[in-house]
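What follows is one structure encoded as structure tokens, with my remarks underneath.
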Amino acid sequence: MSAAPSNVDLDVLWHDLECGGYDHDLPLWRELAAEAGGGPVLDVGAGTGRVTLDLAARGIEVVALDADAPLLRALDERAAGLPVQTVAADARDFHLGRRFPLVLVPMQTIQMLGGDAPRRAFLRCAREHVAPGGLLAAALADALESFDAEYDGLPVPDECTIDGVRYASRPLAVVDEGDRAAIHRLREVTGPEGVRTAADDVVRLDRVTAGEVAAEAAALGFTPLPHRGVPQTDEYVGSTVVVLRG
């Protein structure tokens with residue numbers, strides 16, 4: 001997207017714009033961290049630190065794991081002076097050599113792993129990193145109904161302006177692909193002289209229920225606990241949070 005200034009990291013910008021403003025789940029993660037004794041916490045799919053920074057600002061030690069190195073570099077900068085360690089690793093295959101009272105998987109990360117086998121690979125890794133009696137908590141989207149660009153109620157775009165350049169990301173469609181839901185967004189960059197570039201972005205979420213994840217985890221030695229919930233808002237779907245004891 002040539003309209004963007006060269007000093008703007010678009011990976012970080014789009015992640016912040018599309019995900020960074022969500023805060024409705026933060027009270028639940030704080031509550032679970034308190035129940036687990038206040039840390040340390042492993043945040044899987046940490047991105048630029050939406051959850052990590054919130055917990056660390058409360059004095060909780062957090063290890064932030066993500067496969068996207070540019071996002072973690074931004075998190076490192078933002079976490080200066082806070083009890084945060086970043087780890088670049090694949091959630092389906094990581095080995096940290098330590099265990100945690102709480103492993104968090106916020107914002108549908110567990111649905112982005114690519115199907116049943118990769119999800120079970122993650123659960124096996126998580127089992128090796130949850131302390132005895134510790135908790136694994138993973139959020140799943142409650143509703144992934146399909147819609148398309150002809151839908152009258154398209155959400156408003158997420159947008160910001162930096163140095164006279166406007167960045168906007170608009171959800172266009174949720175397409176049913178059978179065992180996955182494909183979320184299509186249009187990302188636009190408009191320069192100060194009106195030069196506009198645009199690109200499509202697609203995120204695919206596995207269609208899996210909280211009960212199915214709990215059953216997969218139980219087969220690997222976890223004990224399912226009652227699910228928790230994050231309510232739906234006007235801007236965001238709700239989540240069911242699978243809670244498992246190690």
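In the range 1-134, what % of DSSP beta bridges are antiparallel (nearest 5)?
Values: 1 of 14 bridges.
Taking every DSSP beta bridge with both residues in the range 1-134, the antiparallel ones total about 5 percent.
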Report task. In whole Hz, with x marking every Gly and Pro, tabulate ³J(HN,Hα) for the range 200-207 from phi via Karplus 6.51 cos²θ - 1.76 cosθ + 1.60, θ = phi - 60°. Result -> 8, 10, 10, 10, 10, 10, 5, 7
**Report entry** Distribution of pairwise C-alpha distances over the chain, 10 Å bins, in %
**Finding:** 7, 30, 36, 21, 6, 1
Query raised in the report: Are there any helices in the chain, counted as whole DSSP H runs, that stretch 24 Å or more along their axis by Cα and score at least -1.0 on average by Kyte-Doolittle, and if so which?
Result: none
Query raised in the report: Which of 126, 218, 46 moves the most in a Gaussian network model of the chain with Cα springs under 10 Å?
Result: 218
Report task. Take the alpha carbon atoms of the range 215-242, find their center, do the same for the range 19-93, and report the distance between the two centers in whole angstrom. Result -> 19
Requested in this report: With an 8 Å cut-off on Cα pairs and a minimum separation of 6 or more residues, tell me the relative contact order of the chain in percent.
Outcome: 18
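Set the Förster radius R0 to 30 Å, insert the Cβ-Cβ distance between residue 223 and residue 90 as r into 1/(1 + (r/R0)^6), and round the FRET efficiency to 0.05. All intermediate terms of the calculation are to be shown ahead of the outcome.
Values: r = 26 Å, r/R0 = 0.87.
Computed FRET efficiency for residue 223 and residue 90 comes out at 0.70.
Before anything else, pin down the relative contact order of the range 158-205: Cα pairs under 8 Å, at least 6 apart, normalised by residue count, whole percent. Walk me through the numbers on the way to the answer.
Working: 94 pairs, mean separation 15.2, N = 48.
RCO, the range 158-205: 32 percent.
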Report task. Pull up all non-local amide H partners of residue 225: gap of 5 or more, or a different chain, and H-to-H distance under 5 Å with H placed in the peptide plane. Result -> 243, 244, 245
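Out of all DSSP beta bridges in the chain, what portion is antiparallel? Express it as a percent rounded to 5.
70
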Requested in this report: Would you calculate, for the chain, the mean residue ellipticity at 222 nm contributed by helices, counting each DSSP H stretch of 4 or more residues as -39,500 (n - 2.57) and dividing by all residues, to the nearest 500?
Outcome: -6500 deg cm²/dmol
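Only the coordinates and a few stated rules stand behind these numbers; no lab work does. Bear in mind that the values here come from a model prediction, so they are computed numbers and not experimental data. Cβ sites come from the backbone with ideal geometry, for glycine too, and all protein chains shown count toward neighbours.
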